[in-house]
Amino acid sequence: MNTQTTNENPLGTQPVKKLLMQFAIPSIVAMLVSSLYNIVDQFFIGRNVGELGNAATNISFPLSISCIAIALLFGIGGASAFNLAMGKGEKEKAVYYIGNSAVMLFGCGVILTTITLLFLEPLLRFFGSPDNVLSYAKTYTGIVAIGFPFLILTTGSGHLIRADGRPKISMICNLTGAVINTILDALFVSVLQMGMAGAAIATVIGQVISAGLVIWFLSHCKTVTIRKEHLRISRSIIARVSSLGTAPCSNQLAMMIVQIIMNKSLKYYGSLSIYGEAIPIACAGIITKVNQVFLSLIIGISQGLQPITSYNYGAGKYKRVKSAYLFASTCGFVIALIAFLLFQFVPRQIISIFGNGSESYFQFSISYFRIFLFFTFINFMQPITSNFFTSIGKPKKGTFLSLTRQILFLLPLLIILPLFMGIDGIMYSGPIADGLAGVVAIFMVWNEFRTRPFR
């Protein structure tokens, strides 16, 4: 271990609470900005296009989740590998993790764009699009797909820039694109009345500009210098990055699978209810994206925790690792409790932000908010704990934990409960899965802190 490097790096010396605030706040802003792209589009589409437009953005949402999954695979994976290597004093090796990750981020984005455009209509129908929503979804998704490489590069590289010790720069890159997207959404959708196409074009322009900033800042790293040889893909480097990024990526992929099943279930059981096909899909889409704002805060905390725990675990400073985790969990609980109160007491006011609808539309939205998100106050545990295990070099535990809520609990419940309860079964599957996932997370981290390094 390079003692001098450890002593000089603030990750190993500054108070962990100060470090977490320093890294988490920009990370939270960056995650909120990523959510803002969808929220802003939903806002302007809801007010200018209507319920079918809102349903269309929900149909395309699995592709947005795919982008985030790839970004986290190589973004968090690369950042964790980089910080662990730097904590051990392996600076020359560390730089390869950033270079290889950046190349994979953009390359995978190009592949996803190509697949989406080649199989656009079959994909949207597979995601559960009703016939009266399909044309809106094709217009929106066909344009947004062009921006996938830039979205993935921006989101993933934000973690790399943060790992380099520049969390504010990461925030600026994301915030710039979001502000531009918001301004252009207002111009294209509200003023020029360009509808779904206008919202999609505004999104892509914001993503391209953000990606340009990211490329410039990655070429001017603070702690290392990236050269051409660091961009050549190495199988061993990518294997290490992928292993550490599997947990957050798996969580997103699980969310994508659940989202697809959810859309199909909402369409089928909605058609058998008083709400019809489109209303449940539109309402669930809005509520999912509102919940994404809450999750962005929690994930932002977990991402701010990552460089602190990775570096100090690599440096053998286990008390600092535990202290950082406990403080992050406390912050997560406070945010989760506030979100729970909002979701329970002002759901109609929240849904009204995204336009008007029928009384059935609001009736379903309010029920969905209050039932599906009932255990919001415990939903901070799984993301923070899953990312914690990944950041200390234990990706198998992190991956398992990331799959508990979505795959092990929620997916079977989404299939079984509606058979007996109809569309209400979809709503009740959420709190049961959340409660079980929270209990598993608490048990796993409690057991980890009983092991030798932390005692």
Restricting attention to the alpha-carbon atoms of the range 75-126, what are Rg (one decimal) and Dmax (integer), both in Å? 16.5, 51
At 25 °C and 0.890 mPa s, what whole-number value in µm²/s does Stokes-Einstein give for the translational diffusion of the range 126-238, with Rh from the Kirkwood sum over Cα pairs? 155 µm²/s
Set the Förster radius R0 to 30 Å, insert the Cβ-Cβ distance between I183 and L342 as r into 1/(1 + (r/R0)^6), and round the FRET efficiency to 0.05. 0.65
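Of the accessible area of the range 144-240, with the probe set at 1.4 angstrom, what percent is carbon plus sulfur?
The C+S portion of the solvent-accessible surface of the range 144-240 is 70 percent.
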Taking Lys and Arg as +1 and Asp and Glu as -1, residues besides I233 with C-beta under 15 Å from its C-beta add up to +4
Output the pairs from K88/K396; K317/K396; K17/K289; K289/K397; K138/K397; K93/K289 with a Cα-Cα distance over 32 Å in this structure; if there are none, say none. K138/K397; K93/K289
For the range 196-297, with only Lys/Arg (+1) and Asp/Glu (-1) charged at the beta-carbon, what is the dipole magnitude about the Cα centre, in debye rounded to 20? 460 debye
Portion, in percent, of the accessible area of the range 324-389 that falls on carbon or sulfur, probe 1.4 Å: 74 percent
Of P453, I416, C108, whose Cα points farthest to the positive end of the dipole of the chain (charges on the beta-carbon: +1 Lys, Arg; -1 Asp, Glu; origin at the Cα centre)? P453
Eigenvalues of the Cα gyration tensor times 5, then square-rooted: what semi-axes does that give for the range 200-353, in whole angstrom, largest first? 37, 24, 17
The answer for chymotrypsin sites (Phe, Trp or Tyr not before Pro) in the range 236-309 that fall in a DSSP coil and have at most 11 neighbouring Cβ atoms within 10 Å is none
In nm, to one decimal, how far is the modelled label at D131 from the one at V439, with both set 7 Å along Cα→Cβ? 4.6 nm
Size of charge dipole - the chain - debye, nearest 20, with Cβ of Lys, Arg +1 and Asp, Glu -1, no other charges: 1820 debye
With a 1.4 Å probe and every protein chain left in place, tell me how much accessible area R348 has, in Å² to the nearest 10. 90 Å²
Using a basic spin-label model with each label point 7 Å from the Cα along Cα→Cβ, how many nm lie between E229 and I115? 3.4 nm
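Compute the relative contact order of the chain as a whole-number percentage, counting only Cα pairs closer than 8 Å that sit 6 or more residues apart in sequence.
Value for the chain: 23 percent.
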Report, to the nearest whole %, how much of the accessible area of the range 34-137 belongs to carbon and sulfur atoms, 1.4 Å probe, protein only. 65 percent
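Please report, ordered by residue number, every helix of the chain (full DSSP H runs) that is 24 Å or longer along its axis going by C-alpha atoms and whose mean Kyte-Doolittle hydropathy reaches 0.5.
Long hydrophobic helices here: 16-48, 61-87, 91-118, 167-185, 195-218, 278-314, 318-345, 423-448.
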Length released on extending from I415 to S273, taking residue separation times 0.36 nm less the Cα-Cα span: 49.4 nm
For the range 53-151: accessible area per residue (Å², 1.4 Å): 31 Å²
With a 1.4 Å probe and every protein chain left in place, work out the accessible area per residue of the range 283-396 in Å², rounded to a whole number. 33 Å²
Using the Kirkwood radius over Cα pairs, work out the Stokes-Einstein diffusion coefficient for the range 44-200 at 25 °C and 0.890 mPa s, in µm²/s as a whole number. 145 µm²/s
Output for the range 237-299 (equivalent-ellipsoid semi-axes, sqrt of 5λ from the C-alpha gyration tensor, Å, descending) is 32, 15, 6
When only Cα pairs under 8 Å and 6 or more residues apart are kept, what is the percent relative contact order across the range 122-279? 28 percent
Work out how far the C-alpha atoms of the range 19-135 reach from end to end along every principal axis, then list the three figures in whole Å, largest first. 58, 34, 16
Output the Cα-based Rg and Dmax of the chain in Å, rounding Rg to one decimal and Dmax to a whole number. 21.3, 68
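The values are calculated or read from the model by the stated rules, or taken from the named source; none is laboratory data. The structure displayed is predicted, hence computed values, not measured ones. Neighbour counts run over all protein chains shown; Cβ positions are idealised from the backbone, glycine included. Just so you know, the surface numbers come from the protein's heavy atoms only, side chains and all, with ligands and any DNA or RNA stripped out. Shrake-Rupley method; radii C 1.70, N 1.55, O 1.52, S 1.80 Å.
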